[in-house]
1. Could you tell me whether any residue of segment 77-84 is surrounded by 11 or more Cβ atoms within 10 Å (Cβ to Cβ) and part of a helix (DSSP H, G or I)?
2. Being among the aromatic types (Phe, Trp, Tyr), in contact with a helix residue (DSSP H, G or I) (Cβ under 9 Å, 6 or more places away or on another chain), part of a loop (DSSP other than H, G, I, E, B) and within 30 Å of TRP167 (Cβ to Cβ): is that true of PHE49 here?
3. Write out, first by first residue and then by second, each pair whose Cβ atoms fall under 9 Å of each other, whose residues are 6+ apart or on separate chains, and whose first residue, in segment 151-162, is surrounded by 10 or more Cβ atoms within 10 Å (Cβ to Cβ) while the second is not in a helix (DSSP H, G or I).
4. Just give me the residues in segment 64-84 being over 24 Å from the mean Cα position of the chain (by Cα) and more than 13 Å from TRP136 (Cβ to Cβ), in sequence order.
5. In segment 119-160, how many are under 30 Å from PHE96 (Cβ atoms) and outside any helix (DSSP H, G or I)?
6. When the residues of segment 12-42 are narrowed to those that are at pLDDT 70 or above and of a type in the set (A, V, I, L, M, F, W, C), which ends up nearest to the chain's Cα centre (by Cα)?
7. Could you check PHE96 against (1) touching a helix residue (DSSP H, G or I) at 6+ places or on another chain (Cβ under 7 Å); (2) under 21 Å from LEU11 (Cβ atoms); (3) outside any loop (DSSP other than H, G, I, E, B) and say which number it fails?
8. Cβ-Cβ distance below 8 Å, separation of 6 or more or different chains: which pairs start in segment 130-142 with a residue that is in contact (Cβ under 8 Å) with a residue 24 or more places away in the chain and aliphatic (A, V, I, L, M) and end on one that is in a loop (DSSP other than H, G, I, E, B) and surrounded by 10 or more Cβ atoms within 10 Å (Cβ to Cβ)?
Amino acid sequence: MCLGRLTLKYLETKEYDWSGKRSEQRGYFSRAISQFTPFSWSRYDWEVFSSAKRFFMVLVALFVCLFSELNAFFLLTTLSIPKDSNLNKYRLAVMFMLGIPAAAEYYEFVTDPKCYRLGQNAWMMCCIIVFEMLVWVKFSEGLEQMTSPPFDVVAPLVTFSVLFSLWMLLYFRKK
């Protein structure tokens, strides 16, 4: 995430000459690669702490990403797919390629007050995640049933949840 942020900062400050004039200093390879870059770079400023609604919307995006990653491991286990199989790599590549426009559509939905519905890629991403969850729930019947987690696992989770909720209440109350 840090490298991605530094890359975005680097790309944001770089000057682009879109006039089409070719400088002699640039090589053929860099000109060919520049054909695949976007026309303009968009800045995504989520403003997470601007309001409680925005904070919850960003949390929803975070949990959707986490469920997508969790599905990769649960599908491997439930469907008994070998770890060296390329199937999961292809699945993750498709989810990555679909996640790029889905994130842009969700960002517009969250930040633009005139946008009142999600885009088709964001809906497709959500449908795929729900479908994958239904698949591993259906086919996990023969696997070992989970037992309740021990107290030393539950206690920190409950403590964090209570403190986080209290912090949110106090932080957004003054705004």
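1. From segment 77-84, those surrounded by 11 or more Cβ atoms within 10 Å (Cβ to Cβ) are 77-79, 81; that's our starting set.
From the residues that got through so far, the ones that are part of a helix (DSSP H, G or I) too are 77-78.
Checking segment 77-84: at least one residue is surrounded by 11 or more Cβ atoms within 10 Å (Cβ to Cβ) and part of a helix (DSSP H, G or I).
2. Values: among the aromatic types (Phe, Trp, Tyr): yes; in contact with a helix residue (DSSP H, G or I) (Cβ under 9 Å, 6 or more places away or on another chain): yes; part of a loop (DSSP other than H, G, I, E, B): yes; within 30 Å of TRP167 (Cβ to Cβ): yes.
Answer is yes for this residue.
3. Filtered contacts from segment 151-162: VAL154/SER148; LEU157/PRO149.
4. Within segment 64-84, the subset over 24 Å from the mean Cα position of the chain (by Cα) is 79-82, 84.
Hits for segment 64-84 are PRO82, ASP84.
5. Of all residues in segment 119-160, those under 30 Å from PHE96 (Cβ atoms) come to 119-140, 143, 146, 157, 160.
The next check asks that each one be outside any helix (DSSP H, G or I); those that pass are 119, 139-140, 143, 146.
Result for segment 119-160: 5.
6. Across segment 12-42, the extreme among qualifying residues is TRP41.
7. For PHE96, the failing item is (1).
8. Final answer for the pair search is VAL135/LEU79.
The values are calculated or read from the model by the stated rules, or taken from the named source; none is laboratory data. The structure presented is a predicted model; accordingly, all values stated were derived computationally and were not measured. In this analysis, Cβ positions are derived from the backbone assuming ideal geometry, glycine residues included, and neighbour counts consider all displayed protein chains.
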